[in-house]
Amino acid sequence: MTSKNAKHNIVIVGGGAAGLELATQLGQQLGSKHLANITLIDATSTHIWKPLLHEVAAGTLDESEQVEYLPQGYRNHFQFRLGRMEGLDRNHKKIYVSPTLSDSGEELIPGRSFAYDTLVMAIGSVSNTFNIKGVAEHCLFLDTSAQAFKFQKQLFEAYLKSYIGKDSAHIKPLSIAIVGAGATGVELAAQLHEVTNVLAQYGLNAESTVKLTIIEAATQLLPALPLSLAAATQQQLVNLGVDLKMGRRVTEINQAGIATHDGEFIEADLKVWAAGIKAPDWLKNLDGLESNAINQLVVDSTLKTNDDNIFAMGDCAACVWQGHNGNVPPRAQAAHQQASTLAKTIKQRLKGGKAVDFVYYDYGSLVSLGKYTTVGNLMGNLMGTVSIGGFIAKLVYLSLYKMHQVAIHGYFRTAMLTLSNAFRRSVYTKIKMH
């Protein structure tokens, strides 16, 4: 515990949706009144809402959607520190952060340690490769903004090479294979199809010579949606020309393509892995914190780990979903709700009060197929479960992001950002081409 004269040190590791919302809320409510020191630590300097990473990968996300941690911290009374957590000392209540290096390997920031009174782990998730041979070496991932930007760069370079460069004379289409037919895989496929149309409008004749394939081990895509909506989405993808290979379990991936359990080999120039998630491997056996089979930190109903001073939320936390089988799903709405609950708990801790139980409210699932359509189901006490699609679903999907923006920017700044982005889109290109 801190002394009477010392401020309570709150350290939040991970600047994703949950971590940034929590840091912002605590900064406004505690930091501004000098009641606590709030420090947010992340390995990157900017935040992008994770459900938008498929738009980053396709090059269709406006760069103004990025949030810079440093000015965000300044405006909201918390400190941001750049670095990647690498260790924990529970006895001395410290975390260790590895050195920050330049692209050339030069040390920019030495390794450091940060003391905490309350530690919140919100580091998100990474792709689960299930130890399949060749996935790590030959696939692109969409776990972080850096990976999404890497995909976007390789995507546009592949377009240039195939349709303008020395390979433009051959007739073999550019092939992109996405492993996983969850929301990320489906949304990415639709976004990539839209990009090829835009490139064609710009004079790069790629529309009819890009082959998109989705490979999925299950027989149904989008397991979070009702069967009728999943079937409608599947038909929409077929109409767009996406080749769906359902019930195909990937057994190996090499430079040329993807092998499945039934002996088929699917050639692909670009391969994207979106077939499952886990928490980072270094979380397992982290100084005695309890974790599960996919490295998530096991938490109780208050999001507390087996250490009274350490909490976890978001994709890296395994929290039992009360009244259901299994844990709270790794969704943006869960991260938003957990950040709000933990903010209440931490304020109670400073007063010596009790922690607040987290109760997850499932408001449904939505999947956007870019400009083509949006489908999903809404859940509520009054209406029950209602399936929606088209323009209404698109508005609800957009509102989820706006709710996140309001949490970190407030209503006025969110309104101004929305207005400025509308003007930007009327002036700048629809896709990022560099």
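All other residues whose Cβ lies under 12 angstrom from that of G19 are scored, Lys and Arg at +1 and Asp and Glu at -1, for a net of -2. Residue-wise HN-Hα couplings along the range 78-86, as the Karplus relation 6.51 cos²θ - 1.76 cosθ + 1.60 with θ = phi - 60° gives them from phi, are 10, 9, 10, 10, 7, x, 10, 5, 10 Hz; Gly and Pro carry x.
Membrane-span-like helices in the chain, defined purely by DSSP H runs whose alpha carbon atoms cover 24 Å or more axially and whose average Kyte-Doolittle hydropathy reaches -0.5, are 145-163, 183-201, 390-427. Taking packing as the residue-averaged number of other Cβ atoms within 10 angstrom, the listed peptides 32-43, 216-227 run from highest to lowest as 32-43, 216-227. Fewest-first ordering of E55, E267 by other beta carbons within 10 Å of each residue's beta carbon gives E267, E55. Packing order of peptides 12-24, 397-409, highest average first: 12-24, 397-409 (average count of other Cβ atoms within 10 Å over each peptide's residues). Taking other Cβ atoms within 10 Å as a rough exposure proxy, F412, F149, F80 sort from fewest to most as F412, F149, F80. Measuring nothing but how far apart in sequence close Cα pairs (under 8 Å, 6+ apart) lie, relative to its length, the chain scores a relative contact order of 16 percent.
With neighbour counts taken as other beta-carbon atoms within 10 Å, the residues L188, L174 rank, fewest first, as L174, L188.
Starting from the Cα gyration tensor of the range 3-67, take the square roots of the eigenvalues, sort them a ≥ b ≥ c, and report rounded, prolate or oblate (rounded when a/c is under 1.5, otherwise prolate if a/b is larger than b/c, else oblate). Prolate. Annotation: the antiparallel percentage among DSSP beta bridges lying fully within the range 1-98 is about 40. Rg of the Cα atoms in the range 271-413, relative to 2.2 N^0.38 Å, amounts to 1.20. The overall shape of the range 17-168 is prolate: from the C-alpha gyration tensor, with semi-axes ordered a ≥ b ≥ c, the ratio a/c is 1.5 or greater and a/b exceeds b/c.
You can think of it this way: the chain between A115 and Y363 has 85.5 nm of extra reach, that is 0.36 nm per residue less the Cα-Cα gap. Between the amide H of T100 and those of L108, I109, distances stay under 5 Å, these residues lying 5 or more places away or on another chain, with hydrogens modeled in the peptide plane.
Of all DSSP beta bridges confined to the chain, the antiparallel ones make up roughly 50%. Indicate the gyration tensor shape class of the range 289-363 (rounded, prolate or oblate), computed on the Cα atoms with a ≥ b ≥ c the square roots of the eigenvalues: a/c under 1.5 is rounded; otherwise a/b larger than b/c is prolate and the rest oblate. The shape class here is oblate.
Checking the Cα-Cα distances for K150/K271; K33/K304; K50/K402; K278/K347 against a 18 Å cut-off, the pairs over it are K33/K304; K278/K347.
Since every read-out is calculated from the coordinates, none of them should be taken as a lab result. Quick caveat, the model's predicted, so the values are computed rather than measured. Cβ atoms come from the backbone with ideal geometry, glycine included; neighbour counts cover every protein chain shown.
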